[in-house]
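In what follows, a structure is listed as structure tokens, so that the remarks can point back to it.
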Amino acid sequence: MNNVSLIKKIEYEDDLSKTYPVTFALDHDFDRSKAKKFFNEIKEQSLLAHDKINVGNNSFTVEISLKNIGQITKILLKNNLDFYGVYVLYDNFLEMKEV
């Protein structure tokens with residue numbers, strides 16, 4: 001249980017401009033040089049809510065609106081970057097509820 005991530009289901013709302021820290025799980029070939037090139041491309045197309053990217057092991061996370069997920073996956077495919085998942089990590093959106 002070393003690499004366990006809790007994933008929050010993205011509920012599409014009427015307001016698709018709401019932003020989320022969306023993580024894209026990629027192939028093992030993904031490295032910082034590819035991340036920089038990819039980041040510059042999505043930044044030039046104004047797809048980011050904030051001009052920052054968090055690069056992890058075989059993944060990256062960017063703050064984007066839900067309507068931009070499709071455009072970003074197209075850019076990944078255009079750059080021959082294989083991806084295996086698109087998700088929001090649950091710990092970023094823990095909801096406290098009364099019992």
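For the range 23-39, the Karplus equation 6.51 cos²θ - 1.76 cosθ + 1.60, evaluated at θ = phi - 60°, returns couplings of 9, 10, 8, 10, 5, 5, 6, 5, 9, 5, 5, 5, 5, 5, 4, 5, 4 Hz by residue, with Gly and Pro reported as x. A 1.4 Å probe, protein heavy atoms only, puts the accessible area of Phe30 near 20 Å². According to the Kirkwood expression over distinct Cα-Cα pairs, how big is the hydrodynamic radius of the range 32-74, in Å? About 10.6 Å, per the Kirkwood formula over Cα pairs.
The values are calculated or read from the model by the stated rules, or taken from the named source; none is laboratory data. This structure is a prediction, so every number in the text was calculated from the model and none was measured. Quick note on the areas: whole protein, heavy atoms, side chains included, nothing else; ligands and nucleic acids left out. Shrake-Rupley method; radii C 1.70, N 1.55, O 1.52, S 1.80 Å.
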